[in-house]
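What follows is a short report on a single structure.
The values are calculated or read from the model by the stated rules, or taken from the named source; none is laboratory data. Predicted, not measured: the structure shown is a model, and the values here were computed from it. Here the Cβ is made from the backbone with ideal geometry for all residues, glycine too, and neighbour counts use every protein chain on show. Side chains are part of the model used for accessible areas, which takes the heavy atoms of the whole protein and leaves out ligands, DNA and RNA. Shrake-Rupley method; radii C 1.70, N 1.55, O 1.52, S 1.80 Å.
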Amino acid sequence: MINKVLLLFNTVKYLKPVQIFFQVYYRLKPKKNLNYYFRNGNDIQPIVYLEFDFDVTIPNVASADLTFTFLNFSKKFPGKIDWNFQEYGKLWNYNLQYFNYLHQANLDNSLKENWLKELSFWLQKGKLESEPYPISIRSMNVIRFCSKNQVGNEQIMEGVYAQLKYLNQNLEYHVLGNHLLENAFALMMGGYVFSEESWTKKSRKILCEELNEQILNDGGHFELSPMYHQIILFRVLELIDWYKRTSNPDRQFLSFVLLKAGQMLGWLKNISFKNGDIPYFNDSAPGIAFSSHLLFEYAKRLELNAPVSLPFKESGYRKFCYSKYECVIDVAAVGPRYQPGHGHADALSFILYYGGLPFLVEAGTSTYQIGEKRSYERSTQAHNTVVIGERNQSEVWSGFRVGKRAKVILENESQSSMVATHDGYVHNFGVLHKRYFNFDINSISILDEIGDKNGKAFLHFHPDCEIEIISANAINIAQFAEITIEGANQLSFGKYEYADGFNQYRQADKLEIDFDKKLNTLIKFQ
């Protein structure tokens, strides 16, 4: 009981006062049916359609026979769609509600419109809860769809208006982070479509404040997930796309957003591997966000200036590139401090590509559902770093909570080396974990020091790697590298489930290296 109280205290103490206030306020605030937010006939203004230069297309995830596929799970609804379907979890249901499939070219527009009217009816009747985040995503999708196709269906547009009016009174100040940004992007878009000046004024203020805070000085998004960086960057580009075509845009605000876009594009260019992949650190997974390639194409279509290439700093990542390989290292703290829900206990972990192919990876992210799989994928042992006493460096718990956090100190770095330390094991074991990286054109050497303790270093190989044991302290990975270990008590091979997207796995090999005090690992490329 005491441990649970301490865990909760060490989680809540990082929250902002505004989060605590709105957590309480929204719980006490009386819930009103969506009908409350509809306009009467005298208040209705003509719809202002927006102009978009870039067409969004998505893979086919919905079909006319009511089959929907999200997160690699498919569901065929018998006769009618259950908009509150929860069998595959909340995130799957959110994807059903997002209506990204409005941008599918192979679906008839009349079918899409009928689905929109159905969902609005569910919200009006209270069969589906109104929630700010899916309302934000859905509203932007509907506005883009209706603007492109000049959809004038009053029932649909009035439903969107009511949802945005609800959103305006229920912004996610209790969550903050990317949620509040999505709220503001949606409210800004809706403000122009429905000529609601108060919405545009409020959303512009939120966007300025939040983008200033959430986009770090090196261009990275402060939740430190490359995937969420891609998601927010798309919203920034989309805002530029339609906003600059309005009749009287605020030039100062537009310049501000253009600056943020350039910084974010530069960070994405730096973090992306040569083949276009992002390193799947923290809550990142393939098949969710628009790819780096598409985002760069979008920026080019908008005639944005070249990405602002800033050296990695505040985001806590470092990248070392040579002709044969690319290595990205995580020397970031779990962040942001008041919203670390997408953070993992992965200090000093690294991801390595060789010849444009993934070589050393991590277990990845396959679910947001609370349970063993979610806990494992956020744990230290799911990453390429060191575990002491089977404990996590940071107290990741539940689905999106973090208690005590490891503090990382970057002690030294150059073009070919890096030294960093974290204190995640001080509380339980009284020692620091110090890791030295040295890079050469044909090799990487890693030295781990953990005081006088025993630990385990983990290396997770991509499923396509073929591993051969050469000796008691050396292995060969076909067409990649030879790895030699010095200072190990024992090398143990095991299997793990590599997350190849949400709810999709491939069997792969991992190496557990038991050692005392110090461990030397040499990766020599072929």
*Report yes if residue 269 is surrounded by fewer than 16 Cβ atoms within 10 Å (Cβ to Cβ), under 18 Å from residue 222 (Cα atoms) and charged (D, E, K, R), otherwise no.*
no
*asked:* Restricting to segment 6-37, name every residue that is more than 24 Å from residue 334 (Cα to Cα), of a type in the set (Lys, Arg) and not in a helix (DSSP H, G or I).
replied: 29, 31, 32
*Cβ-Cβ below 8 Å, separation at least six or inter-chain, first residue in segment 178-202 and open to solvent by 10 Å² or more (accessible area, probe 1.4 Å), second among the charged types (D, E, K, R) and not in a helix (DSSP H, G or I): which pairs?*
179/172
*Any idea how many residues of segment 52-74 are small (Gly, Ala, Ser) and buried (at least 16 other Cβ atoms within 10 Å of the Cβ)?*
2
*So residue 479 fits all but one of (1) without any contact (Cβ under 8 Å) to a residue 40 or more places away in the chain; (2) surrounded by fewer than 16 Cβ atoms within 10 Å (Cβ to Cβ); (3) under 30 Å from residue 366 (Cα atoms); what number is the exception?*
(1)
*Could you please find all residues in segment 65-116 being of a type in the set (D, E, K, R) and part of a loop (DSSP other than H, G, I, E, B)?*
65, 80, 82, 87, 108
*Among residues of segment 401-411, those that are within 21 Å of residue 517 (Cα to Cα) and surrounded by fewer than 20 Cβ atoms within 10 Å (Cβ to Cβ), counted*: 4
*For segment 155-172, indicate whether the set of residues that are modelled with pLDDT under 95 and among the hydrophobic types (A, V, I, L, M, F, W, C) is non-empty.*
yes
*Is there a residue in segment 419-429 that is charged (D, E, K, R), over 30 Å from the mean Cα position of the chain (by Cα), over 20 Å from residue 321 (Cα atoms) and open to solvent by 10 Å² or more (accessible area, probe 1.4 Å)?*
no
*Could you say which residue among 152, 89, 126 is out of contact with any Leu (no Cβ under 6 Å at 6 or more places or on another chain) and over 30 Å from residue 30 (Cβ atoms)?*
152
*Among the candidates 486, 468, which residue alone is exposed (fewer than 15 other Cβ atoms within 10 Å of the Cβ), over 26 Å from residue 426 (Cα atoms) and of a type in the set (Asp, Glu)?*
468
*Kindly list the number of the only condition in (1) touching a Pro at 6+ places or on another chain (Cβ under 8 Å); (2) open to solvent by 70 Å² or more (accessible area, probe 1.4 Å); (3) of a type outside the set (Ser, Thr, Tyr) that fails for residue 97.*
(2)
*Would you tally the residues in segment 224-253 being over 18 Å from residue 292 (Cα atoms) and either in contact with a helix residue (DSSP H, G or I) (Cβ under 8 Å, 6 or more places away or on another chain) or open to solvent by less than 40 Å² (accessible area, probe 1.4 Å) (or both)?*
7
*Just give me the residues in segment 302-317 being closer than 20 Å to residue 283 by Cβ and open to solvent by 10 Å² or more (accessible area, probe 1.4 Å), in sequence order.*
312, 314
*Kindly indicate whether any position in segment 364-383 is in contact with a strand residue (DSSP E or B) (Cβ under 9 Å, 6 or more places away or on another chain), among the hydrophobic types (A, V, I, L, M, F, W, C), part of a strand (DSSP E or B) and modelled with pLDDT of 95 or more.*
no
*Here are some residues: 362, 326, 390, 377. Which one is surrounded by 17 or more Cβ atoms within 10 Å (Cβ to Cβ) and in contact with a helix residue (DSSP H, G or I) (Cβ under 8 Å, 6 or more places away or on another chain)?*
362
*With segment 400-469 as the region, which strands (runs of 3 or more DSSP E) entirely inside it contain at least 3 residues that are among the hydrophobic types (A, V, I, L, M, F, W, C)?*
408-413, 417-422, 443-461
*asked:* Please verify whether residue 439 is farther than 16 Å from residue 392 by Cα, open to solvent by 10 Å² or more (accessible area, probe 1.4 Å), in contact (Cβ under 8 Å) with a residue 40 or more places away in the chain and in contact with a strand residue (DSSP E or B) (Cβ under 7 Å, 6 or more places away or on another chain), treating the condition exactly as stated.
replied: yes
_Identity of the residue in segment 126-153, free of Cβ contacts under 8 Å to residues at least 60 places away in the same chain and more than 30 Å from the chain's Cα centre (by Cα), that ends up least open to solvent (accessible area, probe 1.4 Å)_ = 151
*Quick one: count up the residues across segment 87-117 that are polar (S, T, N, Q) and closer than 23 Å to residue 182 by Cα.*
5
_Please determine whether any residue of segment 109-125 is free of Cβ contacts under 8 Å to residues at least 60 places away in the same chain, open to solvent by 20 Å² or more (accessible area, probe 1.4 Å), more than 18 Å from residue 58 (Cα to Cα) and under 29 Å from the mean Cα position of the chain (by Cα)._
no
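One line per residue, one yes/no per condition, for (1) farther than 30 Å from residue 374 by Cβ; (2) buried (at least 17 other Cβ atoms within 10 Å of the Cβ); (3) small (Gly, Ala, Ser):
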| position | (1), (2), (3) |
| --- | --- |
| 472 | yes, no, yes |
| 497 | no, yes, no |
| 511 | no, yes, no |
| 517 | yes, no, no |
